[in-house]
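Below is one structure, written out as structure tokens; the observations come after it.
The values are calculated or read from the model by the stated rules, or taken from the named source; none is laboratory data. Just so it is clear, the structure is predicted and the values come from calculations on it, not from any experiment. Virtual Cβ from ideal backbone geometry, glycine too; neighbours counted across all protein chains shown.
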Amino acid sequence: MMYRKLTRGFGLLILLAMSASPSLAMEDEIQGLMLIIEQRLEDPAARQEAMRAGRNRALLCSYCHGNDGNSVKPDVPNLAGQNPVYLLDQIGKFARGERKNFVMNSLAKDFTLDDKVNLAIYFARQTVKARPQDEALAASGKRLYAQRCVGCHGERGHGTAEYARLAGQRPAYLRLTLERFRAYDRGEQQAAENVRRSPIMESIAARLSDENIEVLAAYLAGLE
Ligand code: HEC
Ligand code: HEC
């Protein structure tokens, strides 16, 4: 009981610190979001309410991401099964305009923190439908993944709070996203309405060939 109170207080402190000092390390920001999600999930009644409210809000998303977070368009990411902290973090990035996509920016900026938490919890608890791809491509993707990606995104691509889940993701979205990270390193022209920066992923994508990207997407899209 005492411990719970302590962690609650700690979460609030982190939130206050985050708003006071934008220069706090990324890990601290992720820690803060993690506490918010954990608190909502630990109480069964609060969790049920989050799922209900999240499902309602998700109507706004279904046209692109599907009712159950399995996207209905190739270049739109699946949200089902994604880590809730990662989802919450990305919605926050759209809301602040740090990540740019016209629809996502306008939707996200009108949401309250509660809306964002509920949406993240709702989508994270849906099941993603993997789509097996060409076996030979997937097999070489698997080898490359083990060498270059597994350390952050995990053994089966399930990700963590900080590192996105990649398993079962749409192959076209994976290719597009990796190409966009790589384009920054190459100094290629970027559309201003499509900004996504990640120093880590930019340096990793810089070392990927078109063929590397193709096989990685084939492997990851088929992973459950
Ligand atoms: C008109 C289509 C459309 C609608 C409606 C839409 N999205 Fe998106 N969403 C996208 C696209 C496209 C992207 C990928 C943008 C990019 O390439 O960076 C995206 C990305 C995301 C991401 C980042 C996922 C990741 O893997 O990084 C989240 C989270 C998200 N959307 C949540 C939502 C939520 C929640 C709603 C409803 C409130 C919603 N979206 C409605 C098109 C849409
Ligand atoms: C050192 C850690 C690290 C390694 C290694 C790494 N990633 Fe990432 N990856 C990240 C982080 C952090 C993000 C989230 C970036 C953000 O916040 O937008 C990410 C995001 C991504 C995304 C976007 C996911 C989404 O839903 O939009 C893709 C795709 C991706 N990584 C693929 C890969 C692949 C493929 C490899 C191996 C070639 C790899 N990553 C290796 C840290 C890593």
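Residues checked against (1) in a helix (DSSP H, G or I); (2) in the same structural domain as Glu49 (by TED's automatic domain parsing); (3) in contact with a strand residue (DSSP E or B) (Cβ under 7 Å, 6 or more places away or on another chain); (4) within 16 Å of Arg207 (Cβ to Cβ):
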residue	(1), (2), (3), (4)
Ala139	yes, no, no, no
Arg143	yes, no, no, yes
Gly151	yes, no, no, yes
Thr160	no, no, no, no
Tyr163	no, no, no, no
Gly168	no, no, no, no
Leu176	yes, no, no, no
Glu179	yes, no, no, yes
Completion exercise
Counting only residues in segment 96-133 that are of a type in the set (Phe, Trp, Tyr) and surrounded by 18 or more Cβ atoms within 10 Å (Cβ to Cβ), the one nearest to Leu41 (Cα to Cα) is identified as Tyr122
Exercise for the section: Please state which one of Val117, Val128 is at pLDDT 95 or above, more than 11 Å from ligand 2 (Cβ to nearest atom), assigned to a loop (DSSP other than H, G, I, E, B) and among the β-branched types (Val, Ile, Thr). Expected result: Val128
Handout entry: Residue in segment 195-218 that is of a type in the set (Lys, Arg), under 19 Å from the mean Cα position of the chain (by Cα), within 12 Å of ligand 1 (Cβ to nearest atom) and outside any helix (DSSP H, G or I) present
Key = yes
Exercise for the section: Would you confirm whether any residue within segment 147-170 is within 11 Å of ligand 1 (Cβ to nearest atom), surrounded by 15 or more Cβ atoms within 10 Å (Cβ to Cβ) and hydroxyl-bearing (Ser, Thr, Tyr)? Expected result: no
